[in-house]
Amino acid sequence: MDLQYGPRYEAFRAEVRNFLEAHKPEKPVGSLNPEVRHELVAWLSLQIDHGYWARTIPETYGGFGAEPDLLETVIMDEEFNRAGVARGMAAQGPSMLVPTLLEHGTEEQRSRWIGPTMRGEVIWAQGYSEPGSGSDLASLTTSAREDGDDFLISGQKIWTSGADKSDMMFVLVRTEPEADKHAGISYLLVPVGSPGIEVQPLRTMSGSIGENSFNQVFFTDVRVPQSSVVGRRGEGWKIANTTLKHERNSLNSNAEGTLLRLTRLMRQESANGVCTLESPLFRDRLMQLQARALSMKHHGMRMLTCSLKEERAGVAGLVTKLQNCQLNFDMSSLAIDVMGELGVLYDHTKYERDRGYWQAHSFFSLGLIIGGGTAQIQKNIISERGLGLPREPKPAPA
Amino acid sequence: MDFGLSEEQLLLEKTLRSFLADEVPIGRVRELRDAECPNDVGIWRSLAELGATGILVPESLGGSDLSLLDAALVAQSLGHAVTPAPFLGSAVMVPIAFRALAGSETDGWLRGIAAGEIRFGVAATELFSIREEAGTVLSDGKLNGKAMMAMDSCAADFILLTPDAGRLAVVRGDAPGLEATRLATTDATRCATELLFAEVAPEAVFEGAEAVIERMLDAGRIALAADTLGACESMIEQAVAYAGQRKQFDRLIGSFQAVKHMCAEMIAELEPARSLLWYAAHAFDTMPEEAPLLACHALAHISEIGREISSVATQVHGGIGWTDEQNLHFWFKRISAARHMLGGPAWLRERAASLQGLV
């Protein structure tokens with residue numbers, strides 16, 4: 001046990017802190033809106049120049065070119081969090097496509113896409129799920145059939161977050177209809193503006209609040225060159241799994257921060273003239289949540305140590321997503337209870353608290369319990385891969 | 001940055017677990033439930049030979065002067081094997097208090113603990129829960145009154161007592177005027193005692209010990225949480241093993257999602273709690289200002305998940321899990337008896353809130 005980072009890393013922390021003091025934007029610049037996109041691009045480019053974004057991506061591909069160092073990443077995240085600004089851009093291009101291209105892409109694909117993606121010049125959406133293929137993703141049916149040097153894509157994708165604001169999509173399609181279901185899939189890069197693509201917004205339970213817009217995307221004979229395949233034809237399933245691994249890594253949550261916000265709310269909120277923090281029942285629930293938040297925080301440190309030592313975390317590494325998502329939902333549930341009958345106020349109406357944050361947080365956490373592998377699929381993975389319990393026998397074909 | 005166990009700690013755990021598996025198997029625990037006191041002297045001596053009883057005793061007094069995390073790993077192994085031993089009081093709480101009070105008397109006791117020659121009971125229940133008009137008064141050098149649910153005190157050589165939140169007293173187990181009655185509890189692996197004091201002269205009294213008592217309770221809470229965590233760990237192992245061999249409807253029951261998910265939920269609660277426990281134990285030695293809050297949260301949280309895990313692990317076994325023969329109840333009862341030993345979860349959470357100024 002040694003929780004010190006040591007002088008070299010503390011110096012790095014000071015450097016990040018100084019950078020943020022000097023350059024932190026006065027107002028948020030995360031918007032993908034075309035009129036203000038240049039602000040995002042400028043801010044991301046500045047971060048790359050200083051090595052706080054795209055840090056380990058080679059310079060030839062538009063990155064900073066540093067050696068990977070997990071502790072530096074942790075320190076950057078901590079300091080940006082502390083300053084209340086997003087580090088880089090929390091989007092599927094940088095977090096999922098770029099690592100995939102670095103691992104499986106051709107030289108041409110890397111040179112063309114990585115730099116612009118990291119700088120926010122090209123925005124990506126992920127096209128995996130389909131109406132008939134959710135937990136059983138490998139059963140997907142969107143097809144890409146050969147037509148000369150091209151593919152023609154037809155089918156439908158769902159849960160494509162941000163497709164309405166994206167320039168490009170990375171899509172899983174079936175290219176080898178004769179092959180086994182896992183072996184017939186390819187990973188394709190497709191411009192969202194291609195003829196034959198129709199993006200329809202999918203309204204979710206969170207309604208108007210929250211920028212995370214979902215869509216359905218319809219493909220009708222969408223033409224892309226065969227060179228748009230990442231990796232080899234038929235290897236899309238394997239490649240997608242690398243991407244999903246990156247998604248799960250990026251599902252870390254800041255439970256401690258949410259808990260502080262909840263405590264602040266409870267201090268401010270009162271009912272019948274009594275501060276809600278004075279209510280023993282509410283206070284007890286808050287303390288139960290604090291214990292869970294502390295558990296997840298230190299569990300994160302334990303998992304980080306495993307990564308630093310390149311040790312396998314075993315079953316302990318499989319439980320994080322399940323537990324964090326439920327914890328987030330439970331924190332928003334307490335917040336909503338604390339607000340009592342006013343907890344349902346929404347859409348920036350009069351008397352609404354925290355600009356609707358808690359209801360939106362509740363909806364969004366519920367979505368995350370399901371998205372990225374449902375809680376039930378997580379429990380299958382934990383018990384089968386983590387505890388070695390037998391798989392459920394496949395039913396005999398009907 | 002290294003948040004994990006060292007090679008030495010992993011070895012300590014491995015050595016202890018293999019010793020307990022060989023020397024104190026569940027059959028031995030069953031025998032001891034019929035003894036007058038389950039705290040068998042032979043087990044205690046063997047633990048001393050392994051260095052476990054002196055784990056927090058300074059090297060100059062024959063101990064190994066290790067950290068609370070090391071002590072917690074021992075407690076966890078004892079919980080895992082449901083071993084009857086007065087470890088929590090004698091090897092954790094008493095050494096933590098005596099180290100802070102360093103003097104010639106306490107040195108002698110610490111030496112005896114490390115050598116496995118002395119066993120201490122601890123009577124501190126009234127600091128957090130007064131029932132049955134319990135309470136002891138120390139005045140004019142004499143103790144009078146009653147202490148309830150004292151730990152490991154029916155056959156102890158000495159008892160460490162807290163007459164109030166600011167003083168510690170040491171009493172001989174055979175002191176004239178002291179009447180110790182073991183109370184039967186559900187947990188056959190521990191000893192809970194009622195102590196009646198009539199003009200009992202203590203061996204030693206330590207005044208102004210408020211901070212020492214708090215430290216002692218924090219350490220005890222972390223070690224007790226570790227004991228429960230170890231017991232939970234074993235129950236999950238037993239449930240998973242059973243689910244992997246028991247067949248119903250021509251299938252291993254572990255292949256049914258209903259059963260699988262019960263197991264997944266148990267381990268999903270356990271692993272982050274283990275991380276919390278490690279941090280709390282580490283904080284006790286290196287970040288003492290954080291320790292009281294973490295000790296409360298660790299014990300409260302692990303007591304809560306302990307209740308759930310002990311119930312679910314039993315259910316995975318079906319009817320056989322409810323029988324005496326299957327032995328699971330030793331773990332179930334050890335977990336449930338720990339729940340209120342050093343403050344119940346609700347009390348601990350209220351203390352956690354008050355430590356942060358939220359009350």
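The numbers here are math on the coordinates, done by the rules we state, and not lab data. Predicted model, so just to flag it, every value in this text is computed and none were measured. Cβ coordinates were reconstructed from backbone atoms using ideal geometry, including for glycine residues, and neighbour counts include every protein chain displayed.
Rounded to the nearest 0.05, what FRET efficiency is calculated for A:Asp2 and B:Ser18 with R0 set to 25 Å and r the Cβ-Cβ distance?
Numbers: r = 28 Å, r/R0 = 1.11.
Result of the calculation: an efficiency of 0.35.
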Exercise. Can you spot the aspartates and glutamates whose alpha carbon is less than 13 Å from A:Lys297's alpha carbon? Ignore those fewer than 8 places along the same chain.
Key: A:Glu78, A:Glu256, B:Glu271
Quiz item: So if we plug the beta-carbon distance of A:Met205 and B:Ser354 into 1/(1 + (r/R0)^6) with R0 = 35 Å, what FRET efficiency do we get, rounded to 0.05?
Solution: 0.35
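When the Kirkwood radius is taken over all Cα pairs of region B:7-118, what Stokes-Einstein diffusion coefficient follows at 37 °C and 0.692 mPa s, in µm²/s?
On the way: Rh = 14.1 Å.
Estimated via Stokes-Einstein, D reaches 233 µm²/s.
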Quiz item: Under 16 Å from the Cα of B:Lys142, which aspartates and glutamates turn up, not counting those fewer than eight places away in the same chain?
Solution: B:Asp164, B:Asp174, B:Glu179, B:Glu199, B:Glu203, B:Glu207
Quiz item: What number comes out for the charge environment of A:Val338, summing +1 per Lys or Arg and -1 per Asp or Glu over other residues with Cβ under 15 Å away?
Solution: -2
Quiz item: Just from its helices, what would the mean residue ellipticity at 222 nm be for chain B, if runs of 4 or more DSSP H residues each count -39500 (n - 2.57) and the sum is divided by every residue, rounded to the nearest 500 deg cm²/dmol?
Solution: -16500 deg cm²/dmol
Quiz item: How do A:Arg292, B:Arg17 line up, fewest other C-beta atoms within 10 Å first?
Solution: B:Arg17, A:Arg292
Self-check item: Angle in degrees between helix A:280-308 and the longest Cα principal axis of chain A, rounded to the nearest 10
Solution: 50
Practice problem: May I ask you to list the trypsin sites (Lys or Arg not before Pro) in region B:127-223 that are in a DSSP loop and have at most 13 other Cβ atoms within 10 Å of their Cβ? | Solution: B:Arg131
Practice problem: Determine the calculated [θ] at 222 nm for chain A from helices alone, applying -39500 (n - 2.57) to every DSSP H run no shorter than 4 residues and normalising by the residue count; nearest 500 deg cm²/dmol. | Solution: -13000 deg cm²/dmol
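Looking at this model, which pairs from A:Lys181/A:Lys321; A:Lys27/A:Lys165; A:Lys157/B:Lys247; A:Lys27/A:Lys379; A:Lys238/B:Lys260; A:Lys157/A:Lys238 are more than 30 angstrom apart at the alpha-carbon?
Flagged as over cut-off: A:Lys157/B:Lys247; A:Lys27/A:Lys379.
Å³ per residue of the Cα convex hull, for chain A? Walk me through the numbers before you get to the answer.
On the way: hull volume 72.1 nm³, N = 398.
Given the Cα convex hull of chain A, per-residue volume reads 181 Å³.
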Exercise. Report, to two decimal places, the Cα Rg of region A:7-89 normalised by 2.2 N^0.38 Å (N = number of residues).
Key: 1.09
Quiz item: Which residues does a label at A:Arg355 reach in region A:31-57, if reach means a backbone N under 17 Å from a point 7 Å past the Cα toward the Cβ?
Solution: A:31-33
Quiz prompt | Value of D in µm² per second that Stokes-Einstein yields for region B:211-355, Kirkwood Rh from Cα pairs, at 10 °C (1.306 mPa s) | solution = 100
Quiz item: Hey, quick one: spin label on B:Asn327, modelled 7 Å out along Cα-Cβ, who in region B:68-90 has an amide N within reach, i.e. under 17 Å?
Solution: B:77-85
Quiz item: Once the Cα atoms of helix A:320-338 and of chain A are each reduced to a long axis, what angle between those two axes, in degrees from 0 to 90 to the nearest 10, is obtained?
Solution: 40
Quiz item: Efficiency by 1/(1 + (r/R0)^6): what FRET value for A:Ala271 and B:Glu308, r their Cβ-Cβ distance, R0 = 45 Å, to the nearest 0.05?
Solution: 0.90
Quiz item: Are there GluC sites (Glu not before Pro) in region A:11-113 that DSSP marks as loop and that have at most 15 other Cβ atoms within 10 Å, and which are they?
Solution: A:Glu26
Exercise. Could you pull the Cα extents of the protein assembly as shown along its three principal axes, largest to smallest, in whole Å?
Key: 100, 64, 53
Quiz item: Where does helix B:328-338 land angle-wise versus the long Cα axis of chain B, in degrees 0 to 90, nearest 10?
Solution: 40
Self-check item: trypsin sites (Lys or Arg not before Pro) within region A:322-374: DSSP coil, no more than 12 neighbouring Cβ in 10 Å
Solution: A:Lys350
